[in-house]
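The values are calculated or read from the model by the stated rules, or taken from the named source; none is laboratory data. What you see is a predicted model, and the numbers here were worked out from it, not measured in a lab. Note: ideal-geometry Cβ built from the backbone for every residue, glycine included; neighbour counts use all protein chains shown.
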Amino acid sequence: MTAAPPKVSVVCLSYRHAPYVRAALDGFCAQETDFPFEVLVHDDASDDGTAEIIRDYAARRPDILRPIFQTENQWRRCGHLPKRHVYPRLRGRYVAFCEADDYWTDPRKLQKQADFLDANPDVALCFHPVEVRWEGESRPPELFPSPRFRFHRRRFAARHLLRHNFVATPSVMYRWRFGRDPLDLIPEGILPGDHFLHLLHLETGGAAMLDGAMAVYRRHPGSLWADAHRTDAFYLRHGVRMMNFHRAVLARFPGAYARWMAETEARTLADRFAAAALRSGAEGEAALAAFREAHPAYAARALRGSPRWRRWRTLARRALRGAVKYLP
């Protein structure tokens, strides 16, 4: 007898998550549902034993775990890894996310969210608060979004998410629009990709927040956002992709508020990127050249407002390669 297709697909991206992945896999295996679901675990050529842990769990739970193993790291090769290697394989009409360094704490999380989407056909995505834990730091856990935010409203539209991404990745479940719409709607080379995915789904319906934290979101030294907005290295690594995100918002969402918000954020990001690059020697010079090549107008505007220190101007001249006329 042919097994019923999964109602929910779960996307789990993994890279060098050996210390954390067991908690994520345990959270998947503990789910209690009255419908079939699948978990696509994509390991991006980890070299720390992560793949072996995933294989062990998949052998024990082949009914839900569908692993995808890469032999060469794809993050460095393609503009949008899940769009190319995971999304085409999803079979569920609802899609949830949990990266391998996060984990779910409620065994009925999938059931609660799927039931909510069943009962509310006007909702395109639902989410819930998560507990943020800071690995290796003395900071106590905290809720995201904060309790004060939760009492403000429970239903949201695209305009609410344009300014701030308050939907944590391990909390979201989508009414997956890409069963009928082309994956080409998802731009290449953007960061954060989940934020844009939220906005794309909010073209088809609203967003709703459920009560109660049902997942843990880890902040640890190896995570993508570990040093978010705190160090020059963060902007040098991710600035171009983040600027690509704002430009994609400008191109996709034509409303006046969307244009104003994306343009404001893009200019702020360009200023921070330029300042970080000009403080960072040869590494900053290379990053600034790449930034200017990708987004010349924003780079020029940012550099025009940079401090007029001689060493900064010299570095900027070399990085801009002939665009000295834009400097103050």
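Below, the figures for the structure above:
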quantity	calculated
Odd one out for Ala251, checked against (1) touching a Leu at 6+ places or on another chain (Cβ under 7 Å); (2) more than 27 Å from Arg133 (Cα to Cα); (3) modelled with pLDDT of 70 or more	(1)
Qualifying position, being modelled with pLDDT of 95 or more, in contact with an Asp or Glu (Cβ under 7 Å, 6 or more places away or on another chain) and either surrounded by 20 or more Cβ atoms within 10 Å (Cβ to Cβ) or assigned by TED's automatic domain parsing to the domain that holds Ile186 (or both), among Arg89, Arg108	Arg108
Hits in region 116-141 (condition: part of a helix (DSSP H, G or I) and either surrounded by 15 or more Cβ atoms within 10 Å (Cβ to Cβ) or touching a Phe, Trp or Tyr at 6+ places or on another chain (Cβ under 7 Å) (or both))	Phe116, Leu117
Some residue of region 180-192 being buried (at least 16 other Cβ atoms within 10 Å of the Cβ), in the same structural domain as Lys109 (by TED's automatic domain parsing) and part of a helix (DSSP H, G or I)	no
Test result for Arg66, in contact with a strand residue (DSSP E or B) (Cβ under 8 Å, 6 or more places away or on another chain), in the same structural domain as Met214 (by TED's automatic domain parsing) and charged (D, E, K, R)	yes
Residues that are of a type in the set (Asp, Glu) and within 28 Å of Arg163 (Cα to Cα), drawn from region 267-288	Asp271
Selection within region 281-309 - among the polar types (S, T, N, Q) and modelled with pLDDT of 85 or more	none
Residue among Ala96, Ala59 that alone is within 20 Å of the chain's Cα centre (by Cα), among the small types (Gly, Ala, Ser) and assigned by TED's automatic domain parsing to the domain that holds Ala23	Ala96
Residue in region 144-166 that is in contact with a helix residue (DSSP H, G or I) (Cβ under 8 Å, 6 or more places away or on another chain), surrounded by 12 or more Cβ atoms within 10 Å (Cβ to Cβ), modelled with pLDDT of 90 or more and outside any loop (DSSP other than H, G, I, E, B) present	no
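Per-residue answers, yes or no, for (1) touching a Cys at 6+ places or on another chain (Cβ under 7 Å); (2) part of a strand (DSSP E or B); (3) in contact (Cβ under 8 Å) with a residue 24 or more places away in the chain:
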{"position": "Val10", "(1), (2), (3)": "yes, yes, yes"}
{"position": "Asp26", "(1), (2), (3)": "no, no, yes"}
{"position": "Asp34", "(1), (2), (3)": "no, no, yes"}
{"position": "Val41", "(1), (2), (3)": "yes, yes, yes"}
{"position": "Ser46", "(1), (2), (3)": "no, no, yes"}
{"position": "Glu52", "(1), (2), (3)": "no, no, no"}
{"position": "Ala58", "(1), (2), (3)": "no, no, no"}
{"position": "Pro62", "(1), (2), (3)": "no, no, no"}
{"position": "Pro67", "(1), (2), (3)": "no, yes, yes"}
